[in-house]
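Step one of this worksheet: look at the structure below.
Each value in this text was obtained by applying a stated rule to the coordinates, not by laboratory testing. In this text the structure is predicted, and so the values were computed from the model without any measurement. Methodologically, a virtual Cβ is constructed for each residue, glycine included, from the backbone with ideal geometry; neighbour enumeration extends over all protein chains shown.
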Amino acid sequence: MRIAAIRFLGTLAHGRFRALLLAVLVGGAATLCAGEGAKAQESDSGIFGKEILGNEMNPSISLILDFTAAYFSQQDRVKLGGHNPSATGMELTGAELAASANVDPYFRFDMAFCFGHMHLEEFYMTTLALPGNLLARAGLFLSKAGRINNTHPHSWVMGLGTLPNMYLFGAEGLGGPGVELSWLIPLPWFSEITAAIQNGEGGSFRTKSFSKYEPGPDDFIHPIRLVNFFDLDDDWALQVGANAVLAPSTMGPEVGNRSSAYGIDIFLKYRPIGWGSTGNFFVSAALEGWFREMEVPQDVWRDAGGYADLTVGISKRWMVALRGELWKRIEGDEPDENNRRAELGLDSQRVSAALLFLPSHFSKMRLQYTLESVESFNLNHIVLMQLEVSAGSHGAHSY
Amino acid sequence: MKPLPGEDRVMRAFLTTVVLACLVTAAGAEAKVRVISTIPDFASIAREVGGDLVEIAAMVRPTQDPHFLDAKPSYVVALNKADLLLLAGMELEAGWLPPLLISARNPDIQKGSTGYLDCSTLIVPMETGAADRSKGDVHPGGNPHYWNDPRNGVRIAKGIAERLSALDPDNSETYEKRLAAFVETANQRIADWKQRLEPLKNAKVVVYHKSWVYFLDFAGLVEAGALEPKPGIPPSPSHVAELLRLTKESNIKWVLQESFYPTQLAKQFAEKSGARHLVMPTMVGAAKTKTYFDVIEYMVSELIKQ
């Protein structure tokens, strides 16, 4: 009986029923929580005293500025795009207005608008009261794919996005309008699975134009992420993630070309917090690797790559970081001017070293050197000096 | 539009998992009220008031700076199961708690719910007023380090007891009795501490971070300066030298700091000013303290030592 039920559910998950099932789950659960399922209750705040309130009903608003002075030794080099500096000189690599607020007991909203590129980066609602350990987001958001894709540059340790992320997800990152559902798996440790269905494009993935075609479930971008976190003890923590992105290929979605990417990420952090430890010293290591398969006109490209970070917090105000990046073509077309290999994946290696000074929790200065070796281009030396500041009430970042 | 190999299996596995999750019946209510606190001191007070009727955990370790926790996902698991969240508020936990609360998926402990108790609403805040970041890492609602004044401990205990009674009305009589016992003990201890601290009245102290205002107010001591030039800004040798100059005639008795701040400049100041340098626990569990009263006792005992 149980096997039959699982087979039935698996059948339901196939083909055109996928998106419909996801939408019904989210919609139904949201309806539940807005009615009897919601347990949010009003507090008797008059009995317990008055909160010191500011403009409590207004969203938390913050402005973030990233200013970069960059030097590239090569004019002819792989184009970085997104929030990366574009040329030798000075530029605003980030100018963000962020806002967030609880809407009511059931939803909150978060927004990030990028002044530098004059576009809305993210604007989505998150549920607060779904039953069954579920949480949904809907709107415009960056996809949860790997550790970096859904983060904003001002939260990065390094001043450049990684080349593997650019080849996989595009310089702006993979995202778009859509719906996402995540489940906190009832285990003794943190274990969360997330899946989304999104419209949009980024790097290897693109939904086709729906003005001419009626979309089916396979025509959308499906990022899926499973993450587990373990407190090894008070000082050590380990996070392991598994990722998949399944979508139409950015090259030829109209003719049914597909892209898929599978990745693993590992994050290990040591931060002693015993008596006499300031908590300012820490060492963290991150490793993220991906395999991508992408259908292109008359061929299939297979590539793999990733990055590894080592970050050391020396004191409250000083950090150093090292990064190595690698991308390797395994199978498929050789690069030429008629295909998009330069944008979507050349044999590449990069090493970076950065020194960060944090005058306070709200400002950051970075000096970074990067050595970049990309096939078809000469060795490129990159030097960055960056200043990041955040004013206002900005939401805390996730781990 | 044939999917690539493996795509279908991955998507089917995920959706099957989600549907099964929705069909799983919620666990039945357990007898104990599950309380999670940010600061271990609130947890200790809740343990006194709740006794065997509550299950308590604290997220901040007693030797950890409560401003700067890593928002570790493991806290989400505890928040997800909690019936009552105790926090200091006044944006002390603003750097790490909000994303955890969202990920907790627990409507019972969201802001505004009966299961969300901002303990700063139970006390009279000090150092309120307009806040601007040019003044350092200041908190708009007031100084959030209020739990080290045992008089506030009594107020917090009353608030916790009322909230436990609201969540678990069948046992409200027990919570009232335990609260009464806690308050009686607290009042006796407060009277004892006041008596022992009386000879030190108006003595001057220098602090590392401005986290001692409430305790000093209770103890009758005077804060003559802070090693941090502004809250959250690490001290520099030049600022310490200037502070030494300014406090030369003030007869500074102690330099007070928590264990999670660096000690080098504090020690230098103490040596040059003739003060005693005290690294003290400010949260239950540090320096082998086991209860809320143990922490205050530790601080008082260290101060009155010759």
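Observations on the structure shown:
- Working note: Karplus 6.51/-1.76/1.60 with θ = phi - 60° gives the range A:339-352 the couplings 10, 10, 4, 4, 8, 10, x, 10, 4, 9, 9, 8, 10, 9 Hz, where Gly and Pro are set to x.
- Once both labels are positioned 7 Å from their Cα atoms along Cα-to-Cβ, the gap between residue B:245 and residue A:357 label points is 2.4 nm.
- Its convex hull of Cα atoms gives the range A:59-392 a direction-averaged projected area, equal to a quarter of the hull surface, of 18.1 nm².
- Sequence-distant residues sharing a close amide H with residue A:94 (under 5 Å, placed H): A:66
- Every helix of 4 or more DSSP H residues in the protein assembly as shown counts as -39500 (n - 2.57), and over all residues that averages to -7500 deg cm²/dmol at 222 nm.
- In sequence order, calculated HN-Hα J values of the range B:115-130 (Karplus, 6.51, -1.76, 1.60; Hz; x Gly/Pro): x, 10, 10, 7, 5, 5, 6, 9, 10, 9, x, 10, 6, 7, x, 4
- Calculated diffusion of the protein assembly as shown, Stokes-Einstein form, Kirkwood radius summed over Cα pairs, 20 °C and 1.002 mPa s, µm²/s: 78 µm²/s
- Using C-alpha pairs under 8 Å with a sequence gap of at least 6, the mean separation divided by the residue count of the range B:199-304 gives a relative contact order of 23 percent.
- Neighbour cut-off at most 10 other Cβ (10 Å), DSSP loop, GluC sites (Glu not before Pro), the range B:233-305: B:249
- Approximating the spin labels as points 7 Å out from Cα along Cα→Cβ, the residue A:155-to-residue B:290 distance works out to 4.2 nm.
- Dipole magnitude of the range B:185-306, debye to nearest 20 (Cβ charges: Lys/Arg +1, Asp/Glu -1, about Cα centre): 180 debye
- Loop sites here are GluC sites (Glu not before Pro) outside DSSP states H, G, I, E and B with no more than 13 other Cβ atoms within 10 Å. The longest part of chain A free of them is A:57-336.
- Three semi-axes describe the equivalent ellipsoid of the range B:33-192; taken as square roots of 5 times the Cα gyration tensor eigenvalues and ordered largest first, they are 25, 21, 13 Å.
- Extension gain for the segment residue B:200 to residue B:236, taken as residue separation times 0.36 nm less the Cα-Cα distance, is 10.0 nm to one decimal.
- Using the Cβ-Cβ distance between residue A:398 and residue A:333 with R0 set to 41 Å, the FRET efficiency from 1/(1 + (r/R0)^6) comes to roughly 0.60.
- For residue B:305, the aspartates and glutamates whose Cα comes closer than 17 Å to its Cα, not counting residues fewer than 8 places off in the same chain, are B:192, B:198, B:294, B:297.
- One Cα centroid belongs to the range B:71-86, the other to the range A:72-138; the line between them spans 27 Å.
- Proximal aspartates and glutamates to residue B:272, defined as alpha-carbon separation beneath 15 angstrom and excluding residues fewer than eight positions away on the same chain: B:242, B:249
- Top positive-direction residue, dipole computed over the range A:51-197 with Cβ charges, set A:182, A:145, A:118: A:145
- Relative contact order of chain A: 14 percent, from C-alpha pairs under 8 Å at least 6 residues apart in sequence.
- At most 13 other Cβ within 10 Å, DSSP loop - trypsin sites (Lys or Arg not before Pro), the range B:268-301: B:288, B:290
- C-alpha center-to-center spacing [the range A:158-200, the range B:208-254] in angstrom: 47 Å
- Two-decimal ratio, the range B:180-287, of alpha-carbon radius of gyration to 2.2 N^0.38 Å: 1.16
- Other-chain or far-sequence residues with amide H under 5 Å of residue B:83's (modelled H): B:34, B:35, B:36
- For the protein assembly as shown, the Cβ-based charge dipole about the Cα centre amounts to some 1100 debye (Lys, Arg positive; Asp, Glu negative; other atoms uncharged).
- Approximate spin-label separation residue A:365-residue A:214, in nm, with each point projected 7 Å along Cα-to-Cβ: 6.2 nm
- Residue pairs, from the table B:201/B:290; A:316/B:230; B:230/B:267; B:201/B:253, whose Cα atoms sit over 21 Å apart: B:201/B:290
- With respect to chain B, whose longest principal axis is taken over its alpha-carbon atoms, helix B:40-50 is tilted by about 70°.
- Sites matching trypsin sites (Lys or Arg not before Pro) across the range B:183-256 that sit in DSSP coil, with at most 11 neighbouring C-beta atoms within 10 Å: B:201, B:248
- Across chain B, the relative contact order, built from alpha-carbon pairs under 8 Å that are at least six residues apart, equals 16 percent.
- Computed lengthening from residue A:75 to residue A:349, 0.36 nm per intervening residue step minus Cα-Cα distance: 96.8 nm
- A simple rule links phi to the HN-Hα coupling: the Karplus curve 6.51 cos²θ - 1.76 cosθ + 1.60 with θ = phi - 60°, which for the range B:95-101 gives x, 8, 6, x, x, 5, 5 Hz, with x for Gly and Pro.
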